[in-house]
């Protein structure tokens, strides 16, 4: 009963969001609460919800103050010179712009944080996409592919897989290095293809080999907010905030760094109290909308975990593995690991599903390390930027100003393709023996 209820909850949720019959915020709250009541959990539902909200509170705090922080330094003009230099580097040809976006996101994601990657890359590149009238979904897809393919030893999925299977990270990661290189080739190939498609859609005909550079025109209101003299101060402040998050992330929560950074940025750039209030008001709508979505996601994950629906689904799914197909478990898991990101949050999968799959595979002679590597090819790696179970997905769509359903429909095939290509590479390179 419980596995079917969990599956029905996921299906109804995704159906409601993708069909646009409900907004993500409404669906993430109403659907799981209804499922919990139908399952007979009654007043326990309240406890599930509160637990889910508590777990997401630090993430909500980080995202809210990150939006306010980056909004403030953008108002001060900090990103203007950076955008201008990116413009000169990539030009105005969509193909180079999309590939440059992918490279920028890949480099920023070296810290292992998808949130930081999106918070830095999207605001920097979005004005360029808008000036050239490029599809914002392309921007979302480019940063999603770059972040998704970059599963480094210090990223969440790698750490979870190592802990749940009791394997050293080197055993999981090192054999996947050439596989990841293949994945990167695929990602940049897709970025090139997306850029060429944008050129055709926009009707570029470059007789002289160049497209005229769009002019930067600021409104009088925007010009009044610019603080060009504070450029280097804002850059150093941003590097300190992000650097502290990377180096001292376990000791100093990111939410605190963005809180302190916002206060300093406001006091230096806008010492007048009234101007500080206006800057906060200007970005409060985006911050509140993001906070609402994230808290709604906390309701969903809290109920799914607290009720045991996720665990029951995992145990039921493992029972359908045919014994004769045991040797193909890593390949099969690699092929479905990315779509499974739509059904399981990272903790539920890596600590609930993966150990059970690895145990079944081990009893049939398949090493646990291969099962872990297969999961890493898509489960909350290439899959996390489109999964409704991760706050980063809502961060991408919020920063890009696009609909969740549109982002998923556009980016899902590209991310799934990357996962499939890497799985094939694992077979060809001998990582997964057949």
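Summary table below
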item: Hey, residue 366 assigned to a helix (DSSP H, G or I) and modelled with pLDDT of 80 or more or not; result: no
item: Filter pass, residue 414 being assigned by TED's automatic domain parsing to the domain that holds residue 310 and at pLDDT 95 or above; result: yes
item: Those residues of the range 131-159 which are closer than 16 Å to residue 379 by Cα and outside any loop (DSSP other than H, G, I, E, B), in sequence order; result: 144, 145, 146, 147, 148, 149, 156, 157, 158, 159
item: Selection from the range 193-205 of residues that are surrounded by 15 or more Cβ atoms within 10 Å (Cβ to Cβ) and within 15 Å of residue 415 (Cα to Cα); result: 194
item: Top-ranked residue of the range 105-114 - restricted to ones that are touching a residue at least 60 places away in the same chain (Cβ under 8 Å) and touching a helix residue (DSSP H, G or I) at 6+ places or on another chain (Cβ under 6 Å), ranked as surrounded by the fewest Cβ atoms within 10 Å (Cβ to Cβ); result: 111
item: Filtered residues of the range 28-40 (kept if without any contact (Cβ under 8 Å) to a residue 60 or more places away in the chain and part of a helix (DSSP H, G or I)); result: 30, 34, 37, 38
item: Residue within the range 177-189 that is closer than 19 Å to residue 391 by Cα and assigned by TED's automatic domain parsing to the domain that holds residue 254 present; result: no
item: Meets criteria (free of Cβ contacts under 8 Å to residues at least 40 places away in the same chain, more than 21 Å from the chain's Cα centre (by Cα), in a helix (DSSP H, G or I) and not assigned by TED's automatic domain parsing to the domain that holds residue 236) for residue 12; result: yes
item: Check on residue 164, touching a helix residue (DSSP H, G or I) at 6+ places or on another chain (Cβ under 8 Å), within 21 Å of residue 406 (Cα to Cα), surrounded by 20 or more Cβ atoms within 10 Å (Cβ to Cβ) and touching a residue at least 24 places away in the same chain (Cβ under 8 Å); result: no
item: Any hit, the range 418-425, residues being more than 25 Å from residue 139 (Cβ to Cβ), out of contact with any strand residue (DSSP E or B) (no Cβ under 9 Å at 6 or more places or on another chain), touching a residue at least 40 places away in the same chain (Cβ under 8 Å) and surrounded by fewer than 24 Cβ atoms within 10 Å (Cβ to Cβ); result: yes
item: Boolean, residue 172 is closer than 20 Å to residue 376 by Cα, in contact with a helix residue (DSSP H, G or I) (Cβ under 8 Å, 6 or more places away or on another chain) and in a loop (DSSP other than H, G, I, E, B); result: no
item: Selection from the range 15-27 of residues that are surrounded by 15 or more Cβ atoms within 10 Å (Cβ to Cβ) and part of a helix (DSSP H, G or I); result: 16, 17, 18, 24, 25, 27
item: Per-region count, the range 78-104, residues outside any helix (DSSP H, G or I) and surrounded by 21 or more Cβ atoms within 10 Å (Cβ to Cβ); result: 1
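The values are calculated or read from the model by the stated rules, or taken from the named source; none is laboratory data. All values reported here derive from a predicted model rather than from experimental measurement. Counting neighbours? That spans all protein chains shown, and the Cβs are built from the backbone with ideal geometry, glycine included.
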